[in-house]
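Okay, structure first, notes after.
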Amino acid sequence: MIYITRRERFSAAHKLYREDWSQEQNEAVFGNCSNPNWHGHNYELFVTVKGEIDPETGFLIDLKKMKSIILEHVISKLDHKNVNLDVDFMKGKKASTEVIAVEIFHVLKPYFDQESVQLHVVKLYETENNFVEYFGE
């Protein structure tokens, strides 16, 4: 079993809030992240797949193909977008880093399955100090 990771970056705005709560309650729970005028991050996304090396190519997966899958199905939908308003796979979901990572995993998994590799983990950095990892569990 071998693992390979691809890093991509995107910038996006979001807001953490619940419409059924007052602004005061949202601020108490979500702090500055509930700013009514949104806020943004420069995210770093690390996608790791695993599997067996193809003896014909020496690859687990062609990195050009891995890049293409991530760019087409995730980065193009998130980069310079409002996660709460513009991203189809986030409709009706909380725009926390945790939920974004889970949804990215769900989006990417079938495409990597088609390439006969297993999506191992999605790691999403919101800041240099804060990141989440989702292993599909």
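The values are calculated or read from the model by the stated rules, or taken from the named source; none is laboratory data. Quick caveat, the model's predicted, so the values are computed rather than measured. Every residue, glycine as well, gets a Cβ built from its backbone with ideal geometry; the counts of neighbours run over all protein chains shown. Calculation scope for accessible area: heavy atoms of the full protein, side chains included, ligands and nucleic acids excluded. Shrake-Rupley method; radii C 1.70, N 1.55, O 1.52, S 1.80 Å.
A few comments on the model shown:
- Part-to-part distance (alpha-carbon centres) for the range 26-58 and the range 97-137, which is given in Å: 8 Å
- Just the protein heavy atoms count here, and of the accessible area of the range 2-134 at 1.4 Å, carbon and sulfur take up 47 percent.
- Per residue, in Å², the accessible surface of the chain once ligands and nucleic acids are set aside, probe 1.4 Å: 58 Å²
- Computed from backbone phi, the HN-Hα couplings of the range 71-85 come to 5, 5, 9, 10, 4, 4, 8, 9, 5, 6, 10, 9, 4, 5, 10 Hz, rounded to whole numbers (Karplus: 6.51 cos²θ - 1.76 cosθ + 1.60, θ = phi - 60°; Gly and Pro given as x).
- With the cut-off at under 19 Å, measuring from each backbone N in the range 1-17 to a point 7 Å along the Cα-to-Cβ line of His39 picks out 10-17.
- The length gained on full extension between Glu72 and Ser116, counted as 0.36 nm times the residue separation minus their Cα-Cα distance, comes to 14.0 nm.
- If only the Cβ of Lys and Arg carry +1 and only the Cβ of Asp and Glu carry -1, the dipole of the chain around its Cα centre is close to 200 debye.
- Per residue, the convex hull around the alpha carbon atoms of the range 1-79 comes to 117 Å³.
- Exposure rank, largest accessible area first [Lys123, Lys15; 1.4 Å]: Lys123, Lys15
- Over 18 Å (Cα to Cα) - which of Lys15/Lys91; Lys77/Lys109; Lys15/Lys109; Lys15/Lys93; Lys50/Lys109 fall in this group: Lys15/Lys109
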